Amino acid sequence: MKDNKLTYFIETFGCQMNERDSESIAGLLEREGFSPAQNASDADVVVVNTCAVRQSAEEKVWSHLGKLAYESGRSGKVPVMVLAGCMAQLPQTIERIKRRVPYVRVAVGPGHIHRIPELVRQAREQPSAKLVTAVSPNRTEAHRTESTQMLPERLPRIKVPGVSAYVTIMYGCDNFCSYCIVPYVRGPQVSREPRFIIREIEELVSQGYAEITLLGQNVNAYGHDLDNGTGFARLLEQIDRIPGIRRIRYFTSHPRDFTEDMVDTIKQSSHVCEHFHLPLQSGSNRILKLMHRGYTREEYMELVHYIKEQIPAASVTTDIIVGFPGETGEDFQDTLDLVEQLRLDGAFMFIFSPRSGTAAARMDNQLSRKQKSDRLQALAKLQNQITKDINKSLIGTVQEVLIEEPDPKNPEYYRGRTRTNKLVVCTSKWPRPGDMVNVRIEEAGTWYLKGPVVEAG
Ligand code: SAH
Ligand code: SF4
Ligand code: F3S
């Protein structure tokens with residue numbers, strides 16, 4: 001009976017990088033003979049791919065693990081539970097699993113996902129034995145390159161169906177922004193060879209994916225660690241020429257490494273979308289310096305002005321952290337002033353979360369919860385109003401939209417995104433995922449645009 005086959009279920013937390021890794025984990029397990037389960041409580045193996053960027057991300061994972069354990073206790077079926085991804089790299093996670101979370105049987109860092117089938121086998125063969133781990137040695141700022149994450153190149157992959165696919169172009173990060181755990185958990189920057197990237201994209205395009213999103217923690221530092229001279233701009237040029245590709249996005253770019261050459265290359269390209277996600281983090285030069293960001297507010301403004309001057313239709317979005325240690329009322333006011341001046345299309349806004357092992361977690365003058373949440377509220381109020389005003393100013397315009405999926409709120413409609421990465425609910429009923437259509441915007445809010453198709457794109 002084929003139902004005897006072992007099954008797996010994967011839950012993914014965190015960024016697109018993890019989503020892409022989960023596709024490889026699925027590919028590896030299926031190559032091993034596992035088939036997908038409908039939900040976690042039916043599965044023989046449950047993989048939780050985790051994120052460590054903020055305390056709240058970790059808490060989500062712990063409470064989810066508790067829920068999975070409760071459900072499997074009730075159903076009587078005990079799966080092999082695997083904690084994969086960034087949290088597995090933290091010594092305190094391993095400690096906590098050993099002390100308090102015995103139902104997690106395997107912990108595996110992002111550089112070792114190719115070993116998951118073997119580790120699961122090991123855990124299944126010795127049901128009462130101790131935690132099976134595969135993690136990289138601890139990385140410190142002092143030893144920037146000593147420990148390495150293995151490059152999970154050319155692993156099998158079960159792609160999430162859709163019109164858009166992720167392609168990781170580089171792993172890890174060498175920046176050590178003082179608040180950030182990513183360089184510790186993801187290891188040093190390693191760029192993939194251009195020919196592997198191109199081949200992967202050609203394959204995806206031939207399978208019908210219309211949009212490719214290039215992933216990396218700092219994509220515009222792409223190639224700094226290769227000796228063939230290919231930087232991010234040259235890579236974009238090559239990808240832009242791949243026949244059949246319709247849209248190219250990339251995530252995340254660092255303002256310090258965004259050169260005018262890159263902006264010009266994007267301007268001249270046919271398929272690279274006019275959307276710039278440039279994490280600002282703070283509007284105060286003093287805080288930017290403490291964060292090790294490598295640019296000033298003036299340099300950031302100059303970059304945004306250059307982009308808007310060269311590509312007037314471009315959208316610019318950002319990330320901002322409030323409540324960095326020692327952030328004074330004046331520093332925060334600098335952030336608000338800059339946000340007001342820049343009038344960016346959107347922002348992800350976060351409360352500073354001290355991450356053990358990072359420089360910022362050791363700094364004096366940590367702000368109280370209340371101070372931080374008050375600041376977040378004030379900033380969000382300002383930015384969300386700006387986002388809404390900009391979106392409303394698009395009413396009456398016609399936008400090119402790549403249709404992606406049914407709208408969860410109105411199942412009779414489909415939704416997609418503009419080249420500038422704005423979500424559009426299409427109120428004509430015929431467009432289907434993969435269609436490129438022109439939509440006349442009739443309604444707009446902070447998080448969406450809405451309207452009918454005016455003509456086929
Ligand atoms: N590599 C990307 C983003 C990595 S994490 C970049 O450099 O832009 C995504 C966002 O999470 C960051 O831009 C930052 O705004 C936020 N972030 C990272 N560490 C954080 C921390 N300790 N507390 C709060 N927000 C954090
Ligand atoms: Fe973290 Fe900075 Fe690297 Fe982004 S660039 S992953 S914020 S250290
Ligand atoms: Fe989180 Fe790791 Fe991504 S810490 S943001 S899942 S790189």
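Consider only pairs whose beta carbons are under 7 Å apart and that are at least six residues apart or on different chains; among these, list those whose first residue lies in segment 177-202 and is farther than 29 Å from residue 240 by Cα and more than 9 Å from ligand 2 (Cβ to nearest atom) and whose second residue is at pLDDT 95 or above and hydroxyl-bearing (Ser, Thr, Tyr).
Hits for this filter: zero, empty list.
Within segment 72-83, does at least one residue satisfy the condition of being within 16 Å of ligand 2 (Cβ to nearest atom) and under 24 Å from residue 140 (Cα atoms)? It would help to see each step written out before you state the result.
Pass one, segment 72-83, residues within 16 Å of ligand 2 (Cβ to nearest atom): none.
Looking for residues that are within 16 Å of ligand 2 (Cβ to nearest atom) and under 24 Å from residue 140 (Cα atoms), one finds none in segment 72-83, hence no.
Please give the number of the condition residue 141 fails out of (1) within 16 Å of ligand 2 (Cβ to nearest atom); (2) acidic (Asp, Glu); (3) within 28 Å of residue 211 (Cα to Cα).
That leaves (3) as the condition not met.
All but one of (1) at positive phi; (2) part of a strand (DSSP E or B) hold for residue 434, so report the exception by its number.
That leaves (2) as the condition not met.
Go through 327, 260, 274 for me and flag whichever is of a type in the set (D, E, K, R), more than 24 Å from the chain's Cα centre (by Cα) and within 30 Å of residue 200 (Cα to Cα). I'd like the intermediate steps shown before the answer.
Details: 327 fails: within 30 Å of residue 200 (Cα to Cα); 274 fails: more than 24 Å from the chain's Cα centre (by Cα).
None of the others qualify; the one that does is 260.
Which numbered condition in (1) crowded, with 23+ Cβ neighbours inside 10 Å; (2) within 16 Å of ligand 1 (Cβ to nearest atom) is the only one that residue 190 fails?
Failing condition for residue 190: (1).
Which of the residues spanning segment 18-32 are over 20 Å from residue 65 (Cα atoms) and touching a helix residue (DSSP H, G or I) at 6+ places or on another chain (Cβ under 8 Å)?
Filtering segment 18-32 down to residues over 20 Å from residue 65 (Cα atoms) leaves 20, 23-24, 27-32.
Within segment 18-32, 24, 28, 29, 31, 32 meet the criteria.
Could you list all residues from segment 291-316 that are under 23 Å from residue 388 (Cβ atoms), in contact with a Ser or Thr (Cβ under 9 Å, 6 or more places away or on another chain) and surrounded by fewer than 20 Cβ atoms within 10 Å (Cβ to Cβ)?
Of everything in segment 291-316, just one residue is under 23 Å from residue 388 (Cβ atoms), in contact with a Ser or Thr (Cβ under 9 Å, 6 or more places away or on another chain) and surrounded by fewer than 20 Cβ atoms within 10 Å (Cβ to Cβ), namely 313.
Quick one: would you say residue 145 is at pLDDT below 90, of a type in the set (S, T, N, Q) and either within 16 Å of ligand 1 (Cβ to nearest atom) or out of contact with any helix residue (DSSP H, G or I) (no Cβ under 9 Å at 6 or more places or on another chain) (or both)?
Values: at pLDDT below 90: yes; of a type in the set (S, T, N, Q): yes; either within 16 Å of ligand 1 (Cβ to nearest atom) or out of contact with any helix residue (DSSP H, G or I) (no Cβ under 9 Å at 6 or more places or on another chain) (or both): yes.
Criteria met by residue 145.
Are any residues in segment 16-45 within 16 Å of ligand 1 (Cβ to nearest atom) and either free of Cβ contacts under 8 Å to residues at least 60 places away in the same chain or in contact with a Lys or Arg (Cβ under 9 Å, 6 or more places away or on another chain) (or both), and if so, which ones? Even if it seems obvious, please write down each step before you answer.
Within segment 16-45, the first condition is being within 16 Å of ligand 1 (Cβ to nearest atom), and the residues that meet it are 16-21.
Residues satisfying the conditions are 17, 20.
Could you count how many residues in segment 325-364 are hydrophobic (A, V, I, L, M, F, W, C) and under 24 Å from residue 303 (Cα atoms)?
Taking segment 325-364 first, the residues hydrophobic (A, V, I, L, M, F, W, C) are 332, 336, 338-339, 342, 344, 347-352, 359-361, 363.
Okay, now just the ones that are also under 24 Å from residue 303 (Cα atoms), so 332, 336, 338-339, 342, 344, 347-350.
Selection size over segment 325-364: 10.
Among the residues of segment 174-202, which ones are among the polar types (S, T, N, Q) and either more than 28 Å from residue 52 (Cα to Cα) or away from ligand 3 (no atom under 13 Å from the Cβ) (or both)?
Matches in segment 174-202: 178, 191.
State the number of residues belonging to segment 85-112 that are more than 16 Å from ligand 1 (Cβ to nearest atom), of a type outside the set (Val, Ile, Thr) and touching a helix residue (DSSP H, G or I) at 6+ places or on another chain (Cβ under 6 Å).
4
Sort out which residues of segment 86-131 are closer than 19 Å to residue 149 by Cβ and either hydrophobic (A, V, I, L, M, F, W, C) or not in a helix (DSSP H, G or I) (or both), and write them in order of number.
Residues satisfying the conditions are 86, 87, 88, 90, 94, 106, 107, 108, 109, 113, 116, 119.
Suppose the filter is outside any helix (DSSP H, G or I), out of contact with any Gly (no Cβ under 8 Å at 6 or more places or on another chain) and farther than 28 Å from residue 166 by Cα; does residue 77 pass it? So that I can check it myself, show each step before the final result.
On the way: outside any helix (DSSP H, G or I): yes; out of contact with any Gly (no Cβ under 8 Å at 6 or more places or on another chain): yes; farther than 28 Å from residue 166 by Cα: yes.
Taking the combined requirement at face value, the residue satisfies it.
Being buried (at least 22 other Cβ atoms within 10 Å of the Cβ) and touching a Cys at 6+ places or on another chain (Cβ under 9 Å) is the filter; apply it to segment 251-290 and report the residue that is farthest from residue 327 (Cα to Cα).
266
Per-residue answers, yes or no, for (1) in contact (Cβ under 8 Å) with a residue 12 or more places away in the chain; (2) surrounded by 15 or more Cβ atoms within 10 Å (Cβ to Cβ); (3) assigned to a helix (DSSP H, G or I):
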site: 344; (1), (2), (3): yes, yes, no
site: 356; (1), (2), (3): yes, no, no
site: 366; (1), (2), (3): yes, yes, no
site: 373; (1), (2), (3): yes, no, yes
site: 377; (1), (2), (3): no, no, yes
site: 384; (1), (2), (3): yes, yes, yes
site: 387; (1), (2), (3): yes, yes, yes
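The values are calculated or read from the model by the stated rules, or taken from the named source; none is laboratory data. Computed from a prediction, not measured in an experiment: that's the story for all the values here. Methodologically, a virtual Cβ is constructed for each residue, glycine included, from the backbone with ideal geometry; neighbour enumeration extends over all protein chains shown.
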